[in-house]
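The structure under discussion appears below in the form of structure tokens.
The values are calculated or read from the model by the stated rules, or taken from the named source; none is laboratory data. None of these values were measured; they are calculated from a predicted model. Cβ placement follows ideal geometry from the backbone for every residue including glycine, while neighbour counts extend to all protein chains displayed. When the accessible area is computed, the model is the full protein with side chains, heavy atoms only, and any ligands, DNA or RNA have been set aside. Shrake-Rupley method; radii C 1.70, N 1.55, O 1.52, S 1.80 Å.
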Amino acid sequence: MDWREWGAEAWEAAKSENKPVFLSVGYSSCHWCHVMAHESFEDPEVAEALNRNFISIKLDREERPDIDDLYMTAVQIATGRGGWPMSVFLTPDAEPFFAGTYFPRHPMEGHPGFLQIIHALAGAWQDEEREIRQKAASFADGLRQVLEKPIPAAGGRIDVGLADSAVVALREEFDDVNGGFGGAPKFPPYASLRFLIRYLEVREGLPGVGYLEAAAFMLLRTLESMALGGIRDHVGGGFHRYSTDAEWRLPHFEKMLTDNGQMLWLYSRAARLVDDQGLKLLFEEVSDGIIDWIQREMRVGGFLATALDADTEGIEGATYTWRIDEVPAVVSEVYEMERDGNFAEEATGERTGQNILFRSTVGSRLYELDDLLSIRNARPQPGRDDKALLSANALAISGLAEAGHTDLARELASRWLGLARNGLPHQWVEGFASHEAFLDGYAYFAEALLDAGMDADPVIDQMVAKFSDNRGFWFTGIGHEQLIGRQKPFLDQAVPSPNGVAIRVLRRAGRNDEALQHLTAAFGWAQRAPASAGTVLTECLEQLALGRASELAQMESPAVAIRLDPPLIPLEEDGWGYARLILDIPLGLHVNSDSPAADWLSPTRIELDGVYGEASFPESPNGRYDGTAEIDLRVKPRGAERQFTVVVFWQLCSETECYAPSQATVKGEIL
């Protein structure tokens, strides 16, 4: 394969040769990335077809999360799902026209194979280039609108009810038996658990009763279940990426620093919070195991590596699984091993004769596991991604500080500060720092410095200067490459919301007026999607505890002038009267159309009272009206009454945020 790096050389080649671009995005510990590389990219026929018809770019998503986020959004819009490897075909102007994730080399279950897709797209580019470019440009415009989608309007002020209702919403989605939310596959809900911890810590000091029992149940059941389950590496410490089942028993074996840094913080904090002695000891055991794993397996050049692969020599989980005759009887009994194996492959669901360790009850640690670790260390090991990411290291530093390992936390933080020149680097690879850090790097690292008791003010100043527009923070800032779209990340994913952490950092650094300003722009997400906005929600809770929440008022919408033309409507020969409802919209703002571009936006709509009638809305390809919008009305008297009212509902938005929906009444009369 003739792979190119993302950069000017590749894009100039695409334009000069008039070839579309095949962009493959993955990361080192991604199982299906390795599968597609082996099946397709190492296949001579596939490589020849790609080299002949496309400019092929290979990208590590962790090195360029801005590019990954942009095109992953495109994949999700196009297919309704996402994942890695990400496979996107682009015009020479970097606009996507075909997108997906893993494509098998050969046709499978009615789906075409990757080589068929390559030939079909190459042929389409030869025969229909103009149409492809037009559709790609239109798709890119829609993608840009989604990325830069307005913040959902916040209704009213933050009060205790917001936090309480979030607990109720989480409770409705909670798995009472296994902990966590939803079914398989199941991911650790880091931000929601952190919100529940803070809710338990501060709720008693706020008005009303709250839902402390429900919050404690969800928190402790989830932490206990994960600690006992196979998602935790009982032998070597730390946690695997996620569970392929709903019971936390069968892991996807990849181990990531981001996950374990957050787990370390959660279990260390929860160990101090819980009264039950058995759970306290279990949580401390988990924290100690994560620290041991970090020290033993993740140190590289004074920093922390990014991840360990799920595979060993091409076999999923080979390092971590056991035959029952390889372990002492007491271990096989306590950890529920089976003669035929309790582990099934993620891809096929087939039993392999291998076992993973999990248990059903809290109990003392078996020191026979230390012997198993020695045996396991002699086996072939999964590959390690040795690049060090600032954002991942920062989450680990915060976890280490929370666990009381302040010296190690400060040592790691000082290493990163030593790399800073005109800003923080995004990564350190083989002795070299590269790329400017993104918002997550600045926000997470500023918090890590605060957690370690170090001076965070210079980092916070740079974060605000480079990423803020006073209504939240952009993920990319001054100095970053300008892509076809960018966004403000308010929602939590596998890592906490960078905006939520940035707001938290401002509050903790004594800059709460700034924190309030950004939180006012963000707390609509806490109202709209509490399960996905745990970090922002936690900051709402913090403002309640500080007594400052009353300052987070609903934004007052600028005026939209509305008039009926004419106000006195004559009847035509067909028995109907015709008029226009005219909306004069403030400069620089727009009103959503009757069919806005996204379901979180409130449409413009009309209700007529006192007459028969209907409204005809103007067409709007981009789902918005700006300047002056004219809505045609057709009305007919209802009985002898000639006066009527028109109720207009609208939502006013800028390019980055929306105001709360508004309404007004206009009176008219039929002559």
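Could you tell me whether segment 74-126 comes out rounded, prolate or oblate from its Cα gyration tensor? Rule is a ≥ b ≥ c as square roots of the eigenvalues, rounded for a/c under 1.5, then prolate if a/b exceeds b/c, otherwise oblate.
Values: a/c = 2.16, a/b = 1.09, b/c = 1.98.
Oblate.
Count Lys and Arg as plus one, Asp and Glu as minus one, and take only other residues whose Cβ is under 14 Å from that of Val635; the net charge is then -3. Computed from Cα positions, the angle between helix 390-402 and the longest principal axis of the chain comes to roughly 70 degrees. About its Cα centre, the chain has a charge dipole of approximately 1120 debye under the convention of +1 per Lys or Arg Cβ and -1 per Asp or Glu Cβ, with nothing else charged. Shown in residue order for segment 83-95 are the 3J(HN,Hα) couplings computed by the Karplus curve 6.51 cos²θ - 1.76 cosθ + 1.60 at θ = phi - 60°: x, 10, x, 9, 10, 10, 9, 10, 6, x, 9, 6, 9 Hz (x for Gly and Pro).
Counting only protein heavy atoms and a 1.4 Å probe, tell me what percentage of the chain's accessible area is made up of carbon and sulfur.
On the way: 13460 of 27930 Å².
Carbon and sulfur together cover 48 percent of it.
The mean sequence separation of alpha-carbon pairs under 8 Å and at least six residues apart, normalised by the residue count of the chain, gives a relative contact order of 12 percent. Taking amide H as placed 1.01 Å from N in the peptide plane, the amide H of Gln427 sits under 5 Å from that of Leu390, Ser434, each at least 5 places away or on another chain. For the peptides 640-653, 241-254, residues were scored by their other Cβ atoms within 10 Å and the scores averaged per peptide; the highest-first order is 241-254, 640-653. Once you order the gyration tensor axes a ≥ b ≥ c over the Cα atoms, which shape class does segment 242-389 get: rounded for a/c under 1.5, otherwise prolate or oblate by comparing a/b with b/c? Oblate shape, in that a/c is at least 1.5 and b/c is the bigger or equal ratio. Projected label points at Ile375 and Ser616, each 7 Å from Cα along the beta carbon direction, are separated by 8.0 nanometres.
In summary, the lysines within cross-link reach of Lys280, defined as a Cα separation below 27 angstrom excluding same-chain residues under 8 places away, comprise Lys186, Lys255. In the full protein context, segment 123-249 carries 41 Å² of accessible surface per residue, based on a 1.4 Å probe and ignoring ligands, DNA and RNA.
For the ranges 483-490, 125-132, 564-571, what's the packing order if you count other beta-carbon atoms within 10 Å of each residue, average per peptide, and put the highest first? Could the numbers behind the result be given before it?
On the way: 483-490: 20.6, 125-132: 12.6, 564-571: 14.2.
Packing order, densest peptide first, comes out as 483-490, 564-571, 125-132.
Computed from the C-beta positions of Glu345 and Asp275 and an R0 of 45 Å, the FRET efficiency is 0.65 to the nearest 0.05. Stretching Asp325 away from Gln295 to a fully extended chain increases their span by 7.8 nm, per 0.36 nm per residue minus the current alpha-carbon distance.
Annotation: for a label point projected 7 angstrom from Cα along Cα→Cβ of Asp2, residues of segment 34-77 with backbone N closer than 19 Å are 41-59. Using C-alpha pairs below 8 Å separated by at least 6 residues, the relative contact order for segment 516-671 is 24 percent.
Count Lys and Arg as plus one, Asp and Glu as minus one, and take only other residues whose Cβ is under 10 Å from that of Gly289; the net charge is then -3. Candidates Leu546, Trp6, Gln487 compared by Cα position along the dipole of the chain: farthest toward the positive end lies Leu546, with charges placed on Cβ.
Relative to the longest principal axis of the chain, what angle (0 to 90°, nearest 10) does the C-alpha long axis of helix 212-228 take? In the chain, helix 212-228 runs at an angle near 40 degrees to the longest axis. Of the peptides 50-60, 260-270, 185-195, the ranking by mean beta-carbon count within 10 Å, highest at the top, reads 260-270, 185-195, 50-60. Selection among Phe343, Ala74, Pro107 by position relative to the dipole of the chain gives Ala74 as farthest towards the positive end (Cβ unit charges, Cα centre).
Roughly how many debye, to the nearest 20, is the charge dipole of segment 64-152 about its Cα centre, given +1 on each Lys and Arg Cβ, -1 on each Asp and Glu Cβ, and no other charges? Could the numbers behind the result be given before it?
Working: 8 positive and 12 negative charges, 38 e Å.
With only Lys, Arg, Asp and Glu charged at Cβ, the dipole is about 180 debye.
Find the accessible area per residue for segment 386-532; the probe is 1.4 Å, ligands and nucleic acids are left out, and the unit is Å². Don't jump to the answer; show the numbers that get you there.
On the way: 5230 Å² over 147 residues.
On a per-residue basis, segment 386-532 sits at 36 Å².
The magnitude of the dipole of segment 263-337, with charges of +1 and -1 set on the Cβ of Lys/Arg and Asp/Glu and taken from the Cα centre, is near 460 debye.
If you fit an axis through the alpha-carbon atoms of helix 257-273 and take the longest principal axis of the Cα set of the chain, what angle between them do you get, 0 to 90°, nearest 10? With rounding to tens, the tilt is 90 degrees. Within straight-line reach of Lys636, meaning a Cα separation under 21 Å, sit the following lysines at least 8 residues removed in sequence or on another chain: Lys667. According to the square roots a ≥ b ≥ c of the eigenvalues of the Cα gyration tensor, what is the shape class of segment 411-528, taking rounded for a/c under 1.5, prolate for a/b larger than b/c otherwise, and oblate for the remainder? Taking the square roots of the gyration eigenvalues as a ≥ b ≥ c, segment 411-528 is oblate.
Roughly speaking, what % of Cα-Cα pairs in the chain are separated by over 32 Å, rounded to a whole number?
Values: 129805 of 224785 pairs.
Tail fraction, whole percent: 58.
Couplings 3J(HN,Hα) of segment 308-320, computed from phi: 10, 5, 6, 9, 10, 6, x, 10, 5, x, 4, 5, 9 Hz, in residue order, whole Hz [Karplus 6.51 cos²θ - 1.76 cosθ + 1.60, θ = phi - 60°; x for Gly and Pro].
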